[in-house]
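Step one of this worksheet: look at the structure below.
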Amino acid sequence: MKILLVYPKYPETFWSFRHALKFVAKKAAFPPLGALTVAAMLPKEWEKKLIDENVSKLKDKDIEWADMVFISAMLAQGESAKRIIQRCREKGKTVVAGGPAFTSQHEKFKDVNYFVLNEAEITLPMFLKDLEQGKLKHVYTSKERPDISKTPLPLWELVKFSKYSSMAIQYSRGCPFNCEFCDIIIMNGRYPRTKTPSQMINEFQHLHNAGWRGSIFVVDDNFIGNKANVKQMLPELINWQKSHKYPFMFLTEASVNLAEDEELMEMMSKANFHKVFLGIETPNTESLKECGKMQNTNKDLAESIRKIHNHGMQVMGGFIVGFDNDNEMIFDRQMSFIQKTGIVTAMIGTLTALPNTQLWHRLKKEGRLKGDTTGENTEVNVNFIPKMGKEKLAEGYKNLVSKAYSYKNYYQRANTFLKDYKPTVVSRLKKQDIRAFLGSMVRIGVFSKASPRYWKLLIKTSVTKRKAFPLAVELAICGLHFKKFAKRTARVAQSK
């Protein structure tokens with residue numbers, strides 16, 4: 001059996017880093033971890049090929065080679081997935097689909113032969129058994145949560161490391177919190193399941209043996225969702241990193257209560273975690289209560305962020321506007337908070353009703369739900385009727401994003417962040433780092449309107465915080481991407 005695994009192209013988004021990746025000659029930020037893991041669950045004797053459309057084009061000869069085509073996609077990749085499905089069906093190929101886009105709304109993809117939904121550790125064996133017996137069903141689904149300590153190693157040999165700026169590994173699934181707008185608890189549940197410490201060390205060693213050095217994204221819904229288990233794993237990771245001379249730097253997603261655990265922050269810092277994404281959402285306490293994000297209330301969010309910065313981890317923040325308790329002042333409040341805290345990478349989005357979330361059901365009941373979502377929340381084509389009015393939300397959002405990513409405000413945040421940041425990460429200088437620095441000197445230092453601020457930031461950092469110099473260069477490069485993203489977002493908002 002010949003299996004072609006296809007990962008659809010992402011649209012240009014906040015997290016695509018499409019413009020920044022050019023500086024390091026990379027095609028995409030991360031490989032498709034889900035598809036690589038599914039590939040490892042297929043029979044060993046089957047031939048497998050992976051096409052990630054974010055790094056290479058899907059050719060007709062690839063489709064013609066395959067007996068079956070497996071497609072995995074996030075919501076934002078939905079339109080690209082539909083085009084791929086159509087191409088495959090036109091060539092008479094059997095299409096098998098799974099992943100968040102299909103689990104959320106498989107009925108939207110009419111041309112798929114078989115759906116393997118939810119978590120593949122449970123549903124893929126069901127599909128494979130029926131395939132062997134010649135009695136396949138159209139949909140395979142299950143509410144059962146698998147023990148991910150039995151999940152196999154991804155088939156890294158299916159991708160070219162040179163195409164990506166970072167690798168991806170999963171430690172846990174699920175999140176203990178119950179945010180109204182979030183679909184994590186639908187996909188992966190509220191009880192965080194983790195891999196074992198020895199299993200994780202084996203995964204890191206496997207990547208190391210394969211030749212990878214550099215950044216690894218731990219893709220968990222909430223890395224610290226199960227604090228007891230993560231505190232058992234981190235000491236082993238710390239020892240492994242030391243014995244291998246720190247080949248990896250880690251970034252991940254967590255919750256703000258990380259700042260309340262000094263021991264955990266120190267462990268993550270010693271393990272070489274250098275970035276953490278936090279869902280901060282809003283400084284408006286009433287909106288936090290509205291969406292059930294109680295873990296962010298009754299605490300000084302700005303101080304929490306400062307503490308994490310002090311432990312050598314850069315906070316990347318997620319922010320949302322458009323809650324029912326938001327008024328026209330929310331845009332200025334968000335801007336003030338983002339600037340004050342020095343969150344350089346601030347993903348600002350509009351509230352989005354994802355399929356089957358608590359928010360989706362509430363808005364449907366209230367008669368305010370208006371159609372599907374693209375899965376991309378950094379746009380103003382909201383799929384519900386906001387209480388502040390769609391026009392006010394669109395205008396306020398457009399102005400907020402434009403202000404946040406003006407060169408003046410962006411570099412001001414970078415300086416605020418670097419003031420609080422205490423570098424602890426151990427990194428190795430690579431050829432791509434030198435290439436990025438030299439490229440930034442030309443494209444930003446000479447040909448960009450950000451030039452004066454760029455040079456000021458780099459000179460100041462080289463004098464006052466030399467260990468943070470590579471990070472300062474990275475922030476400047478990412479600023480170019482965010483500026484172009486903000487312009488595009490503003491144009492889209494203006495056309496709505």
**Asked** Which of the following residues is acidic (Asp, Glu), farther than 19 Å from Pro152 by Cα and in the same structural domain as Asn356 (by TED's automatic domain parsing): Asp220, Asp261?
**Response** Asp261
**Message:** For the range 17-32, which positions are surrounded by fewer than 19 Cβ atoms within 10 Å (Cβ to Cβ) and either under 20 Å from Lys49 (Cα atoms) or of a type in the set (Phe, Trp, Tyr) (or both)?
**Reply:** Lys27, Phe30
**Request:** Find the residue count for the range 301-359, including only residues that are among the small types (Gly, Ala, Ser) and part of a helix (DSSP H, G or I).
**Result:** 3
**Fill in**
Residue pairs qualifying under the 9 Å Cβ cut-off, at least six apart or on distinct chains, with the first in the range 479-496 being of a type in the set (D, E, K, R) and the second being at pLDDT below 90, are Lys483/His19; Lys484/Glu12; Lys484/Arg18; Lys484/His19; Arg488/Glu12; Lys496/Glu379; Lys496/Val380; Lys496/Asn381
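Yes or no, residue by residue, for (1) within 26 Å of Gly78 (Cα to Cα); (2) free of Cβ contacts under 8 Å to residues at least 24 places away in the same chain:
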position	(1), (2)
Lys293	no, no
Ser304	no, no
Lys307	no, no
Phe323	yes, no
Glu328	no, no
Trp360	yes, yes
Pro386	yes, no
**Asked** Taking the range 24-53, which residues are under 16 Å from Ser215 (Cα atoms) and assigned to a helix (DSSP H, G or I)?
**Response** Val24, Leu33
**Asked** When the range 1-26 is examined, which residues are found to be within 16 Å of the chain's Cα centre (by Cα) and of a type in the set (D, E, K, R)?
**Response** Lys9, Glu12, Arg18
**Item:** Residue that is nearest to the chain's Cα centre (by Cα), among those in the range 234-252 that are of a type in the set (A, V, I, L, M, F, W, C) and either more than 17 Å from Ser172 (Cα to Cα) or not assigned by TED's automatic domain parsing to the domain that holds Asp220 (or both)
**Value:** Met249
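With the requirement that a residue be among the aromatic types (Phe, Trp, Tyr), out of contact with any Cys (no Cβ under 6 Å at 6 or more places or on another chain) and either in contact (Cβ under 8 Å) with a residue 60 or more places away in the chain or part of a loop (DSSP other than H, G, I, E, B) (or both), what does the range 130-182 give you?
Trp156, Tyr164, Tyr171, Phe177
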**Item:** Selection within the range 40-87 - among the small types (Gly, Ala, Ser), more than 27 Å from Asn381 (Cα to Cα) and surrounded by 18 or more Cβ atoms within 10 Å (Cβ to Cβ)
**Value:** Ala66
**Message:** Any residue at all in the range 93-101 that's part of a helix (DSSP H, G or I) and closer than 17 Å to Leu136 by Cβ?
**Reply:** no
**Prompt:** For the range 374-404, how many residues meet the condition of being in contact with a strand residue (DSSP E or B) (Cβ under 8 Å, 6 or more places away or on another chain) and surrounded by fewer than 17 Cβ atoms within 10 Å (Cβ to Cβ)?
**Reply:** 0
**Prompt:** Among the residues of the range 405-425, how many are surrounded by fewer than 19 Cβ atoms within 10 Å (Cβ to Cβ) and either on the phi > 0 side of the Ramachandran plot or assigned to a loop (DSSP other than H, G, I, E, B) (or both)?
**Reply:** 4
**Asked** Any chance the range 415-424 includes a residue that's under 26 Å from Phe482 (Cα atoms), in contact with a Pro (Cβ under 7 Å, 6 or more places away or on another chain) and acidic (Asp, Glu)?
**Response** no
**Request:** State whether the residues of the range 257-266 include one that is within 25 Å of Gly34 (Cβ to Cβ) and part of a loop (DSSP other than H, G, I, E, B).
**Result:** no
**Request:** Could you check Arg190 against (1) at pLDDT 95 or above; (2) within 27 Å of Thr373 (Cβ to Cβ); (3) surrounded by fewer than 16 Cβ atoms within 10 Å (Cβ to Cβ) and say which number it fails?
**Result:** (1)
**Of residues in the range 465-496 being modelled with pLDDT under 95 and β-branched (Val, Ile, Thr), the one farthest from Glu12 (Cα to Cα)** = Val492
**Asked** For the range 189-204, what are the residues that are basic (Lys, Arg) and out of contact with any strand residue (DSSP E or B) (no Cβ under 9 Å at 6 or more places or on another chain)?
**Response** Arg190
**Asked** Can you pull out the residues in the range 194-205 that are crowded, with 20+ Cβ neighbours inside 10 Å and outside any helix (DSSP H, G or I)?
**Response** Thr194, Lys195
**Complete:** Of those in the range 267-300 that are surrounded by fewer than 15 Cβ atoms within 10 Å (Cβ to Cβ) and either out of contact with any Ser or Thr (no Cβ under 8 Å at 6 or more places or on another chain) or part of a helix (DSSP H, G or I) (or both), the residue modelled with the lowest pLDDT is Asn298
**Message:** What's the total number of residues in the range 360-373 that are surrounded by fewer than 15 Cβ atoms within 10 Å (Cβ to Cβ) and outside any loop (DSSP other than H, G, I, E, B)?
**Reply:** 3
**Request:** Looking for whichever is of a type in the set (Val, Ile, Thr) and more than 22 Å from the chain's Cα centre (by Cα) here; the options are Ile148, Ile122, Ile169. Which one fits?
**Result:** Ile122
**Request:** Filter the range 115-126 down to the residues that are crowded, with 19+ Cβ neighbours inside 10 Å and out of contact with any Gly (no Cβ under 9 Å at 6 or more places or on another chain), then identify the one that is nearest to Ile186 (Cα to Cα).
**Result:** Glu119
**Asked** Does the range 456-469 contain any residue that is surrounded by 13 or more Cβ atoms within 10 Å (Cβ to Cβ) and among the β-branched types (Val, Ile, Thr)?
**Response** yes
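The values are calculated or read from the model by the stated rules, or taken from the named source; none is laboratory data. Treat the numbers as computed from the prediction; the structure is a model and nothing was measured. Please note: Cβ atoms are built from the backbone with ideal geometry, for glycine as well, and neighbour counts cover all protein chains shown.
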